1. Going residue by residue through the stretch 17-27, is there one that turns out to be modelled with pLDDT of 95 or more and in a loop (DSSP other than H, G, I, E, B)?
2. Among all residue pairs at least 6 apart or on different chains, which show Cβ distances below 8 Å where the first residue, located in the stretch 30-49, is free of Cβ contacts under 8 Å to residues at least 40 places away in the same chain and the second is away from ligand 1 (no atom under 12 Å from the Cβ) and of a type in the set (Phe, Trp, Tyr)?
3. So the check is Cβ under 8 Å with 6+ separation or different chains; which pairs have a first residue in the stretch 50-68 that's under 17 Å from Arg25 (Cβ atoms) and free of Cβ contacts under 8 Å to residues at least 24 places away in the same chain and a second one that's not hydrophobic (A, V, I, L, M, F, W, C) and not in a strand (DSSP E or B)?
4. Considering only the stretch 9-54, state which residues are β-branched (Val, Ile, Thr) and either surrounded by fewer than 16 Cβ atoms within 10 Å (Cβ to Cβ) or touching a Gly at 6+ places or on another chain (Cβ under 7 Å) (or both).
5. Restricting the stretch 66-82 to residues that are more than 8 Å from ligand 2 (Cβ to nearest atom) and outside any loop (DSSP other than H, G, I, E, B), which is modelled with the lowest pLDDT?
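The values are calculated or read from the model by the stated rules, or taken from the named source; none is laboratory data. Model, not experiment: these values are computed from the prediction. Every residue, glycine among them, receives a Cβ derived from its backbone with ideal geometry; neighbour counts consider all protein chains shown.
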Amino acid sequence: MGKVKQPLPEGKRLTGCRWTILRNRFIRANPMCARCGKVAEQVHHVIPRAQRPDLTYVWDNLMSICTDCHMKEHNLTEKPRF
Ligand SMILES: [Zn+2]
Ligand SMILES: [Zn+2]
């Protein structure tokens, strides 16, 4: 029997290699904040993971964002998380 891939538990902070690699690659490809054009430090999920956990690693669902805009983004909708 092989290893069963566990889906990410909802609402948990994203950690681990897979996310780190994807995130770094995404920021390198999209270095500017999509909201204000400053240097992006974080990657935001366009459709929140709480709604679509299956889109967590989908490139098209990611958005480069700076810390300020990211906080604003989440204050409007949900608690801050990646
Ligand atoms: Zn910004
Ligand atoms: Zn976010």
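1. No, there is no match, as no residue in the stretch 17-27 is modelled with pLDDT of 95 or more and in a loop (DSSP other than H, G, I, E, B).
2. The qualifying pairs are Val43/Phe26; Val43/Phe82; His44/Phe82; His45/Phe82.
3. Leu55/Arg49; Leu55/Asn61; Asn61/Arg52
4. First pass over the stretch 9-54, keeping only residues β-branched (Val, Ile, Thr): 15, 20-21, 27, 39, 43, 46-47.
Result: Thr15, Thr20, Ile21, Val39, Val46, Ile47.
5. The first filter runs over the stretch 66-82 and keeps only residues more than 8 Å from ligand 2 (Cβ to nearest atom), leaving 66-69, 71-72, 75-79.
Okay, now just the ones that are also outside any loop (DSSP other than H, G, I, E, B), so 67-69, 71-72, 75-77.
Values: Thr67: 95, Asp68: 95, Cys69: 96, Met71: 92, Lys72: 93, Asn75: 80, Leu76: 64, Thr77: 54.
It comes out as Thr77.
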